[in-house]
1. Quote the accessible area belonging to R244 in square angstrom, nearest 10, computed with a 1.4 Å probe and with ligands, DNA and RNA left uncounted.
2. Excluding same-chain residues fewer than 8 positions from K228, which lysines have a Cα within less than 24 Å of its Cα?
3. For L153 paired with I125, estimate the spin-label separation in nm (one decimal), with each label point 7 Å from Cα along the Cα-to-Cβ line.
4. Suppose we keep just the alpha-carbon trace of region 149-307; what are its Rg and Dmax in angstrom?
5. For the chain, with only Lys/Arg (+1) and Asp/Glu (-1) charged at the beta-carbon, what is the dipole magnitude about the Cα centre, in debye rounded to 20?
6. Ignoring ligands and nucleic acids, what accessible area does W250 show with a 1.4 Å probe (Å², nearest 10)?
7. What aspartates and glutamates does K136 reach when the alpha-carbon gap must be under 14 Å and sequence neighbours fewer than 8 apart in one chain are set aside?
8. With a 1.4 Å probe and all protein chains kept in place, how do I123, I200 rank by accessible area, largest first?
Amino acid sequence: MTVETAPAPQPPRKSLSLAARQSRIGYGFMAPALLLLLLVGLYPLVATFITSLTNAQDGIGDPEFVGLKNYTTLFGQKDFWAAVWNTVVFTLGSVTIEFIFGLAIALVIHSQFKGRGLVRAAILIPWALPTVVSAKIWSYMFVDTYGVVNDLLVTKFHLLDTKPAWLAEPGLAMISVIAVDVWKTTPFVALLLLAGLQLIPGGLYQAADVDGANKVQQFFKITLPLLKPAILVALIFRTLDALRVFDVIWVMTGGAQNTESMATYNFQYLISFGKMGYGSAISVAIFLLIALFVIAYVVALRPGSEDVR
């Protein structure tokens, strides 16, 4: 006679926590946007990489697979590395100055004073202008013979003895291009940082006042740590734009006088010369450089690395 044993009781199933359920719901809502992002962003990137492995030329025969030949040729070109260097100089110079000026402007317009709304609207005018329009206006202003810049520096204020050719000399041309980019996009950085400043609770500053902390201590102990997410967004956005700079350089100098960027270099081979394979290799190289900058920013300015207590 066999004795049937009852099955061992199963452990109770753990119900998902509220946070886990919310995470699943969030991923569900994000799925369509992520899918669209993959279709719009990932597919062109893969297609560009595949094209970079061929000798495709616009309207000339069928492309043939050449492997990494375009990359070995590209990395051996002095003109390409000069364009990379110019792009890095432009990026570091413009983004650094824009961040300093943008933070100063954000702190000013975040404070309480009469006419603050008018000032906020006025500083956005340079950013609202199309880049091509502003670059063309400034190119006329930088003309050495009749430009406004030399008229002010030499004729009006006598800060210089001679009228420099701002867009015709290698060193001055890059400075001029950076200055125009700073003038145009600093308001954008200030706007992003202002949004971050408005999210900082005012009670923290009141508590700091009670504890006897001065304004400088409050800035470094409260403002900067809590402003890190906004700083990260501003720097990433501006770095992405600066590394892809094309319009302001193309309009003002055409890439001459040691101002050629990777984008203008790519434009010449991809559009002017019709070398689709080689131009695609340049595009992939630009993407990799941008990715390195973004990773460096995320690691250096990781939100939550410092807590304000």
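1. 130
2. Leaving aside lysines fewer than 8 places away in the same chain, those within reach of K228 are K184, K215.
3. Placing both labels 7 Å beyond Cα along the Cβ direction yields 2.3 nm.
4. 21.4, 67
5. 980
6. Rounded to the nearest 10, that gives 90 Å².
7. Within the straight-line limit of under 14 Å, K136 reaches these aspartates and glutamates: D181, D247.
8. In descending accessible area the options line up as I123, I200.
The values are calculated or read from the model by the stated rules, or taken from the named source; none is laboratory data. The shown structure was predicted, so the numbers you read here are calculated from the model rather than taken from an experiment. Positions of Cβ are generated from backbone atoms using ideal geometry, with glycine treated the same way; all protein chains shown enter the neighbour counts. Accessible surface areas use protein heavy atoms only, side chains included; no ligands, DNA or RNA. Shrake-Rupley method; radii C 1.70, N 1.55, O 1.52, S 1.80 Å.
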